Each structure stands twice: as structure tokens, then as C-alpha cells.
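Working notes for the structure below.
The values are calculated or read from the model by the stated rules, or taken from the named source; none is laboratory data. Note that the coordinates shown come from a computational prediction; the quantities given were computed from them, not determined experimentally. Neighbour counts run over all protein chains shown; Cβ positions are idealised from the backbone, glycine included. The area values use the complete protein model at the heavy-atom level, side chains included, leaving out ligands, DNA and RNA. Shrake-Rupley method; radii C 1.70, N 1.55, O 1.52, S 1.80 Å.
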Amino acid sequence: MDENYEPSRTDGEAGRVGKDKKKKKKSWDYDKEIARLQVELAHLQAWIKKSGTRVVIVFEGRDAAGKGGMIKRITERVSPRVFRIVALPAPTDREKSQIYMQRYIAHMPAAGEVVIFDRSWYNRAGVDRVMGFCSDKKAQRFLELAPRFEAAIVESGVVLLKYFLTVSEEEQERRFRRRIDDPLRQWKLSPMDVESYQRWWDYTRVYDEMLRMTDSNHAPWWVVPSDDKKRARVNCISHILQSIPYERVKFEAPDLGKRQKRPADFMEDLSVRHVVPDATS
């Protein structure tokens, strides 16, 4: 018998196979999985604080690829004093006169901190280059120097993780149009987003070169396919947790003791106060 032979399925069998596939799909519960990962992020946080570890996580990628949602899921259940988000605005005239990396170095983590860059020094290789905010010569020089800059970061003992979120042309357009139609998302659509939509292939060229020239053994790029946002979040957060060899730190529950008794001479303050009205009644 031919080893590649596969018996044909009856309609009933095909239907059962289809149901089995649906069952498999349903078995993956995003809400449960993201909740589980957020618990692990809390354990990671405790270990980072105790060990004094320093972590830098860089998020780059296409506009509307889901960087904001990814960062929100990472940080929404941990302390902003430990997980710090850095999303720098356009540089001031003074910053433009500085060494390019200078304003990023100022945000590097101290002991027991995680710094998440929502876009980073790689602006020079992407938007700055495409939009003409820097010369092609400066962009090329940046691409040559970036691996050395990151080597210095890693050699100082910082854990450096770099993620690039990708999205297809069709999915990016769908998300942009959703922003146009939804008042809760309209603030997300900037003039730069419109430019990135119109200049898809210009960005493709510079991002391809950026990934090729700045991928290194000490600071590799990790590409995150993000057409499915939920799957991208679970995959990326799982990778972060796997990339940092943390241990669970035993929580020392504090003894709350006893609350003090109301003093015998305590008088209620009866002065008028402005109380927020109950909007639910």
C-alpha cells in the first residue's frame, strides 16, 4: 500500500473533524491565559526588586501593530515604580543638539527596575529616516553604532530584550479605518500614522535593513506577528518570562496588628465638604 495513502472521509467523519477543530480552538482561553501570565509577571517583579536586576524591553514595529495594547497588558497589574514606561515625545531643540543616544541613556533602569521603551533609539532607523528628520548618512551611521551601544548596555549587566511587532497591510488598514470610525480610538490616529499608511514600502525597506543590521547575539530582534493581537500578547509575554531566569520569591505576609481604638475625645468634623454626586442613582 502507498505510504502516502489516506482513506477518504465520509461527510459524517468530516463533520466530526470540523467539530474537533472547533473544540481545539475554543480550548484556548485568552482571558485565562493572560491572567495567568500577569500573575507570573507579578512574581517576576518581586524577584527583580529583590535581586536588583535591571531590565530594558524595547518595543518597535509597524504603526497599529499593537504595541500600546501589548505594553498595557504587561504593566496593568504590576507597580509603575518597577515597570516604567518610556514614550518620549519629539526631541526639543536642546535635545537635537545633544549626542543622539543621550536622552535615551537618561532613562536606563536602576537596580530593581524594568524600563519599557514604547519606541526607542530606533526612531532614527525608522520614522526619522523615512520622514527626512535625519540624513541617510546619519541613519546609516546609527545602524553601524547601535549594536555597539547595546553591547555596552548588556555588558553593564542589563537584560536587554528587543521586540518588533509586524502587521499585514490589510490588517493595518482595517485598524486605521476602525480608528477613524470610533471616537474612543480617534486620538490614536496621528499624521505620522497616515504617512506610514501611505508609505508602506518606504518603511518596509528601512525596517528590513534595521532588523538585518542591528540583530546581534547579545541583543537579537524578536519578531512578533501581530495580526492576531491576543495571540501576539500571549506569545510575547511568555517569551519575556522565558528570557529572564527569575525565581518565585516567598511573600512575607505582614502582621496588621490591631487598629487603634477611637479616642474618647474625638469629635466628628461637621464642616461642609464637597462630595462627588452619585451618578448611578
**Q.** Surface per residue (accessible, 1.4 Å probe) for the stretch 28-77, Å²
**A.** 42
Q. Where Lys and Arg each count +1 and Asp and Glu each count -1, what net charge lies around residue 43 among other residues with Cβ under 15 Å from its Cβ?
A. +3
Q: Assign unit charges at the C-beta atoms only (+1 for Lys and Arg, -1 for Asp and Glu), then state the dipole size of the stretch 76-129 relative to its Cα centre in Debye, rounded to the nearest 20.
A: 40
(Q) Rounded, prolate or oblate, given the Cα gyration tensor of the chain, with a/c below 1.5 counting as rounded? (A) oblate
Q: State the answer as a single residue: which of 198, 216, 97 lies farthest towards the positive end of the charge dipole of the chain, with beta carbon charges of +1 for Lys and Arg and -1 for Asp and Glu, about the Cα centre.
A: 97
Q: Pull up all non-local amide H partners of residue 117: gap of 5 or more, or a different chain, and H-to-H distance under 5 Å with H placed in the peptide plane.
A: 57, 58, 59, 86
Q) Okay, helix-only estimate at 222 nm for the chain: each DSSP H run of n ≥ 4 adds -39500 (n - 2.57), divide by all residues, round to 500 deg cm²/dmol; what do you get? A) -14500 deg cm²/dmol
Q: Could you work out how far the C-alpha centroid of the stretch 165-180 sits from that of the stretch 227-250, in angstrom?
A: 24
Q: Just the number, please: carbon plus sulfur as a percent of the accessible area of the chain, 1.4 Å probe, no ligands or DNA/RNA counted.
A: 53
Q: With r as the distance between the Cβ atoms of residue 180 and residue 84 and R0 = 30 Å, compute the FRET efficiency 1/(1 + (r/R0)^6) and round to 0.05.
A: 0.40
Q: Specify which residue in the list 132, 187, 149 is farthest towards the positive end of the charge dipole of the stretch 73-211, using unit charges on the beta carbon of Lys, Arg (+1) and Asp, Glu (-1), about the Cα centre.
A: 187
